[in-house]
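The values are calculated or read from the model by the stated rules, or taken from the named source; none is laboratory data. The model shown is predicted, which means the values in this text are computed figures rather than measured ones. Here Cβ is always computed from backbone atoms with ideal geometry, including for glycine, and neighbour counts include all displayed protein chains. Each accessible area value is taken on the protein alone, full model and side chains, heavy atoms only, with ligands, DNA and RNA left out. Shrake-Rupley method; radii C 1.70, N 1.55, O 1.52, S 1.80 Å.
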Amino acid sequence: MNFVKKQGVGAWLSLATLVLTIVGLIIYSMALATGNGVQTANGGLLFYDPTDSEFGAMTATVATCSVFGVIFLVLALVVSQFKFDGIVKTVCDVVVDAARILIPVMLMILLLNFLYGSFNGLGWTFFSNEELEINPEATKAGTQVITSLVFFVIAAVVALVASFFSIVRKEKD
């Protein structure tokens, strides 16, 4: 059977999750670079303050969860392509199923920690008093944060849906 025809709906959704996650991470890194040390409003807080414990927790959690999420995605896609028999098949099936369940979990943890670490910057930038002068760089960082969050939400939903479908189609006898 042709390799492309062999792939099930779960494989294509998992690939979409991988692409969405990587795009979200690229935009996330751009938001960190843009918002690092930028003041949100006159006399206000910094959008991202590297000395703040929330910033450190956010960056560590997002990095860890994204690495594990991508590893689990690749693991599930690659291991599912091979045919095993006996106990090896059972172990591989359990590992792939566990990885496919953990992918949306990792993406949701990543999403929530990114949102939590961005609350101050987003709040002061988009929800502050009208008389305060908002820094255009903070608005740019806020827009990038929101865009990245949208990509992570879509990736988590697609990963969740993908976990209900098989990665490889069953061969016809």
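Kindly evaluate ILE103 against the criterion of being open to solvent by 80 Å² or more (accessible area, probe 1.4 Å) and part of a helix (DSSP H, G or I). Against the criterion (open to solvent by 80 Å² or more (accessible area, probe 1.4 Å) and part of a helix (DSSP H, G or I)), ILE103 does not qualify.
Across the stretch 84-99, which residue is least open to solvent (accessible area, probe 1.4 Å) among those that are among the charged types (D, E, K, R) and under 20 Å from SER163 (Cβ atoms)? Per the criteria, the residue is ASP93.
Within the stretch 73-83, the set of residues being outside any loop (DSSP other than H, G, I, E, B) and open to solvent by less than 40 Å² (accessible area, probe 1.4 Å) comprises LEU73, ALA76, LEU77, VAL79. Beta carbons closer than 6 Å, at least 6 apart along the sequence or on distinct chains, pair a first residue in the stretch 152-173 that is touching a residue at least 12 places away in the same chain (Cβ under 8 Å) and within 23 Å of CYS65 (Cα to Cα) with a second that is charged (D, E, K, R) and surrounded by 16 or more Cβ atoms within 10 Å (Cβ to Cβ) for SER163/ARG100. Restricting the stretch 118-127 to residues that are out of contact with any Phe, Trp or Tyr (no Cβ under 6 Å at 6 or more places or on another chain) and in a helix (DSSP H, G or I) leaves a set whose member that is nearest to ALA155 (Cα to Cα) is SER118. A residue that is touching a Phe, Trp or Tyr at 6+ places or on another chain (Cβ under 9 Å), of a type in the set (A, V, I, L, M), buried (at least 19 other Cβ atoms within 10 Å of the Cβ) and assigned to a helix (DSSP H, G or I) can be found somewhere in the stretch 31-47. For the stretch 130-143, filtering for residues that are open to solvent by less than 90 Å² (accessible area, probe 1.4 Å) and either assigned to a loop (DSSP other than H, G, I, E, B) or among the charged types (D, E, K, R) (or both) leaves 3.
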